[in-house]
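Chemist: A single structure is presented below for examination.
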Amino acid sequence: MFGIADYGAFVVAIIVFLAIPGPGNLALLTATGKGGVRSGLAATLGVIAGDQVLLWLAVAGLSAVLINYPGLYSSVKWAGAAYLLGLGYSLFNSKPGDAPVLNMKPDHYFRQGLFITVLNPKAIVFYMAFFPLFVDPAVHQGLVTFGFMAITIAALTFLYGLVVVLLAHHLAKRVRANPMVSVMLNKVAGTLLMGFGLKLALF
């Protein structure tokens, strides 16, 4: 479809990519917790914008540069793994009353969502290493193919972000009423982030 190799697998890959714990998910949760649904959706739009930046950088040739220079790709991967491990460790050890691990500021949720995504090692690895695998070199239609992929990613990210934001908003009062719930959620999220950081480093 539109030069995409196995469109169904592409959609599944995007959904799995979105669901893997990372700074983007944390940004959505933090923005929603601080400012409600509108703030969470603003952060979601920022994440979508950041995805588009990385996607078109990959199309412009950055992906090929990283593939052709394994040392550079390894540096990006190790830096990303260290970042995720540090973020996960901070979350795991956070206590009630501590400042949020991601310091999302009011009225800047879109911009922060964008920058967090552009610098997100999970997103960088996906767009530079895995995204090109879904482009069928035999039948791809250039900008039409990349444009359709960009629209698909944006739509799926918006739907995913909407679900996350609505769930976070629904649970926010319960979490604030019971600090231990927040501590447990932070420990789970921290463990998942550290696990993904280790996986990124070792594979």
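Chemist: Which residue, of 12, 47, 53, 59, is closer than 27 Å to residue 191 by Cα, in a helix (DSSP H, G or I) and open to solvent by 30 Å² or more (accessible area, probe 1.4 Å)?
Modeler: 12 is the lone residue from the list that is closer than 27 Å to residue 191 by Cα, in a helix (DSSP H, G or I) and open to solvent by 30 Å² or more (accessible area, probe 1.4 Å).
Chemist: So which residues in the stretch 15-44 are hydrophobic (A, V, I, L, M, F, W, C) and either in contact with a Gly (Cβ under 9 Å, 6 or more places away or on another chain) or not in a helix (DSSP H, G or I) (or both)?
Modeler: 18, 20, 27, 28, 29, 31, 41, 42, 43
Chemist: Among 119, 133, 159, 202, which is surrounded by fewer than 18 Cβ atoms within 10 Å (Cβ to Cβ), more than 18 Å from the chain's Cα centre (by Cα) and modelled with pLDDT of 70 or more?
Modeler: 133
The values are calculated or read from the model by the stated rules, or taken from the named source; none is laboratory data. The structure displayed is predicted, hence computed values, not measured ones. Don't worry about glycine lacking a Cβ; one is built from the backbone with ideal geometry, like all the others, and counts go over all protein chains shown. Calculation scope for accessible area: heavy atoms of the full protein, side chains included, ligands and nucleic acids excluded. Shrake-Rupley method; radii C 1.70, N 1.55, O 1.52, S 1.80 Å.
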